[in-house]
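Derivation of every value follows stated rules applied to the coordinates shown; laboratory data play no part. On a predicted model such as this, the values are computed, not experimentally measured, just so you know. Neighbour counts are summed over all protein chains in view; Cβ atoms, including those assigned to glycine, are modelled from backbone coordinates with ideal geometry.
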Amino acid sequence: MWRRSNLWLIVTVPILFIINHRQHVDTFVTGSNQGLGFETARHLPKYPHVHLFVSGQNLTSVQEALEKITKEEDCKAVVDSVVIDVVDDDSIKAGVKEVEIKLNGAGLDVLVVSSPWLALSNNSPLDKCVYAEQRRRCV
C-alpha cells in the first residue's frame with residue numbers, strides 16, 4: 001500500500017531533477033491548495049530560482065495555501081496564485097491568460113497535474129491533450 005510520502009517522492013523526483021538543472025523554473029501545480037498538490041507545492045519554494053503558481057478552484061483556499069507556503073522559513077521563491085477550475089474551459093482559458101501575463105508571455109517549464117477531477121473527467125481540454133498525445137504514441 002502506498003503512503004502519502006511515497007507518492008510525494010514519485011511525483012517530485014522528476015520535478016527536482018528539472019529544478020536542479022535549470023537556472024530559472026516556472027512551475028504550475030494544479031490543486032495545490034490541498035492534499036498531494038499542496039505537499040508538492042510546499043517543497044518547491046525552497047529553491048530561489050523557482051517561480052511557483054499555486055492554484056485551486058476556490059479563492060479563499062488558494063489564498064490560505066499561498067500564505068502557508070510563503071510563511072515557511074525556507075521560502076525563497078516567487079510564489080503566485082491562480083484560481084482555476086480544471087474542468088471548466090472558460091476558467092482554464094482565464095488561468096492561462098493570467099499566467100501568460102505574469103510570465104510576460106513566456107511558457108511554463110513544469111506543469112504538475114494533481115487535481116483529482118482530471119482523473120474523473122474526459123471533457124476537459126487538458127484531458128483531450130493527454131489523450132491525443134497517448135493516441136499518437138500508440139499508433
Using a cut-off of 11 Å between beta-carbons, work out the net charge of the residues near Leu108 (Lys and Arg +1, Asp and Glu -1, Leu108 not included). -2
Per-residue ³J(HN,Hα) for the stretch 63-73, Karplus 6.51 cos²θ - 1.76 cosθ + 1.60, θ = phi - 60°, Hz, x for Gly and Pro: 5, 5, 5, 4, 4, 4, 5, 6, 7, 5, 5
Taking neighbour counts of Cβ atoms within 10 Å as a proxy for exposure, in what order, fewest first, do Ser81, Ser55 appear? Ser81, Ser55
Provide the per-residue ³J(HN,Hα) series for the stretch 25-37, in order, calculated from phi with Karplus coefficients 6.51, -1.76, 1.60 and θ = phi - 60°, each as a whole number of Hz, with x at glycine and proline positions. 9, 8, 10, 10, 10, 6, x, 7, 8, 7, x, 5, x
Sequence-distant residues sharing a close amide H with Val78 (under 5 Å, placed H): Val50, Leu52
Whole-Hz Karplus couplings 3J(HN,Hα) for the stretch 50-61, θ = phi - 60° and coefficients 6.51, -1.76, 1.60, Gly and Pro as x, run 9, 10, 9, 10, 8, 9, x, 7, 10, 4, 4, 5
